[in-house]
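Q: Let me begin by handing over the structure; questions about it come next.
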């Protein structure tokens, strides 16, 4: 080791796993990243997304200063303070002419390194009086929150993965994606150890994934049939008396309605409909029903398909049917560390209204998952009193994330003001009027509080271990750069507009928040540092921030929080027979599923697929990643290729109902025939740009339209997309 070389512990923030790492720093530059061998919770694990951080920080295409776009589409670099001043003047004119609802914000997953940019943007919108706050979560897994609003929640949380003996994973591949389905701390090892101790895993997925290889039962179903399969599992569990009747009697309503609704979903019917074996479905149901502990967890697969609310709702109902919730005296599954201490109780939290008062131009409404991002383009394109005319895009890439890329581009071009805050050039920043260069993760302090909050995103998410870590900034931004932390930018905009901003600490599902919302007026005389923001958000943490800071490599704290009995003053009950969900089940059963299957003009289904070197479109432009994966192949079963007279590597056109894209066909025997797996986040930057399937790949969003929006969240069909395959 040379005199100029040091190592520093921190954690990766390129996805929500937040793996602890050790960074080698030479002459002030990060040059190498490895998994932290001193982390007993992660056991030194790190995926390629973490190991690529040095290249990410020093990529030649990285944004190092603010940019202004000129009428001819070219950009020039300007000082960040000047950019902000010009932006504020434009905001004042828009506010005066059109009011606060003309200003909106959209937050993408690029904000994982710091939660304080989106939080300060929210504070700015509240101070302005604008309700137009949109998040990527509403076009990712909105059904997580919608289903909880319909079913209710269990205050103490679901059974812990570590103590369960059966686990059903629907449309998730945690070995690759790390997001949910299994604990995010080295999920491959977690699944392996669970299997070794006797856990039986059931996977529902149209592909034989890295996760399904560990399954006791793999239901390799036709895409989009998750609700029918889950209803079939409920049918078997009820018919064979595998329910926890005492738990249901004490804590839930609607059982008779659910029993009647799932009665027609016999194993033979579901097998015929979903393309699986009836005996496999029955074995999956018995595996879960006869177990003592476990959970059903849904992820992106069922969320992107149609009827996503029903899939997630039935997953919660299965957990309730079998009493798969933590009971009095047991250890709580999600012990808070940097969140406030809480007293978990073995009691139901009642359902709550799923739809809010605000309605967008296309009829989509505010709902339990938030303002529907799928409706934001129309809110920009539709003239009217609440038309959005200025948009802040924070770590997001609508051109690669929003459905219907042509509509998205038209909307972004129509805006009077588009401001993108990002670390690198994207198809969206190329359309922005101003681009504010943000710091990279290693240049900022941070904590693992955000991943603790995962338990509020869905009942099967969050850390099961009382792990926490704080990291200081361990490298400085490159010399000569002019980067601005997102939180500082929005705070300064508030200053320039003469506003008083308030920071809100609130943790929980809608009205199920564990503690009262805490509103803290900010000192508007100076910009708070990120460390001050961290202190503000952890001011009531279970373990004091100073204690967490004293363990640079992070620490697993000894916090065995025991579940208390129910509050005698509350008599909430869960709902397993919600009328809207039961009506959807009846609609499914009434369908002619054979006629509904893809035949004739559009005989294939395109489903989403994760890769372990990208997180959506994040990291997609890095030279080493491009060299490894220059495009996203259209993975197809070899029998489909042979039937179409195609060979591996042929360029094909995937034609949906309205649009089409070019892709490179690649044989993949892990797929069921008739299914094409294609990763999101790739493809031409703009719909009318010349296509080159081998240079950048296929943009799945071009295939997506808004003809089948979810009736509650507005998310369209983003997977299980019917297409035809033609030789290009």
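Please treat every number below as a calculation from the coordinates, not as lab data. This is a predicted model, so every value here is computed, not measured. For neighbour counting, all protein chains shown are included, and Cβ atoms are generated from backbone atoms with ideal geometry for every residue, glycine included.
Q: Note down the nm distance, to one decimal, between modelled labels 7 Å out along Cα→Cβ at residue 5 and at residue 97.
A: A separation of 5.9 nm, rounded to one decimal place.
Q: Restricting to Cα atoms and excluding each atom paired with itself, what does the Kirkwood estimate give for the range 40-86 in Å?
A: Final number for the Kirkwood radius of the range 40-86 is 14.0 Å.
Q: Can you give the Rg/Rh ratio of the range 1-156, where Rg is from the C-alpha atoms and Rh is the Kirkwood radius?
A: Value, to two decimals: 1.07.
Q: Semi-axes of the range 322-371's equivalent ellipsoid from the Cα gyration tensor, sqrt of 5 times each eigenvalue, largest first, rounded to whole Å?
A: 34, 15, 9
Q: Taking a ≥ b ≥ c as the square roots of the Cα gyration tensor eigenvalues, with a/c under 1.5 meaning rounded and otherwise prolate when a/b beats b/c, else oblate, which class fits the chain?
A: In terms of gyration-tensor shape, rounded.
Q: Please work out whether the range 544-625 counts as rounded, prolate or oblate from its C-alpha gyration tensor, where a ≥ b ≥ c are the square roots of the eigenvalues and a/c under 1.5 means rounded, while otherwise a/b larger than b/c means prolate and anything else oblate?
A: The shape class here is oblate.
Q: Classify the range 81-131 from the C-alpha gyration tensor, please: rounded if a/c falls under 1.5, else prolate or oblate depending on whether a/b exceeds b/c.
A: Oblate, because a/c is 1.5 or more while a/b does not exceed b/c.
Q: Give me the percent of DSSP beta bridges within the chain that run antiparallel, rounded to the nearest 5.
A: Of all bridge pairs located within the chain, approximately 55 percent are antiparallel.
Q: Figure the gain on full extension for residue 85 and residue 279 (residue separation times 0.36 nm, minus the Cα-Cα span) and round it to one decimal in nm.
A: 63.2 nm
Q: If each residue of separation counts as 0.36 nm, what is the full-extension length gain between residue 571 and residue 192 once their alpha-carbon separation is subtracted?
A: That pair, residue 571 and residue 192, stretches by 132.4 nm at full extension.
Q: Here's a follow-up. May I ask you to derive the relative contact order of the range 5-58, considering only C-alpha pairs under 8 Å and at least 6 residues apart, and to give it as an integer percent?
A: Relative contact order here is 29 percent.
Q: While we're here: Jot down the radius of gyration and Dmax of the range 602-718, Cα atoms only, both in angstrom.
A: Gyration radius and largest Cα-Cα distance of the range 602-718: 14.3, 42 Å.
Q: Take the alpha carbon atoms of the range 360-386, find their center, do the same for the range 443-521, and report the distance between the two centers in whole angstrom.
A: 26 Å
Q: Right, next: Below 8 Å, C-alpha to C-alpha, sequence gap of six or more: please give me the relative contact order for the chain in percent.
A: Relative contact order comes out at 19 percent.
Q: Once the piece of chain linking residue 669 and residue 75 is laid out straight, how much longer is it, given 0.36 nm per residue of separation minus the C-alpha distance between them?
A: 209.2 nm
Q: While we're here: Rule-of-thumb check for the range 321-435: C-alpha Rg over 2.2 N^0.38 Å?
A: It is 1.53.
Q: With all distinct Cα pairs included, what does the Kirkwood hydrodynamic radius of the range 222-307 come out to in Å, to one decimal, could you say?
A: Taking every pair of different Cα atoms in the range 222-307, averaging 1/r and inverting gives 13.7 Å.
Q: Still on this structure, I have one more. Give the order of 155, 57, 686 when sorted by the count of other beta carbons within 10 angstrom, beginning with the fewest.
A: Taking fewest neighbouring Cβ atoms as first place, the list is 686, 57, 155.
Q: Tell me the volume per residue, in Å³, of the convex hull enclosing the alpha carbons of the range 5-58.
A: 63 Å³
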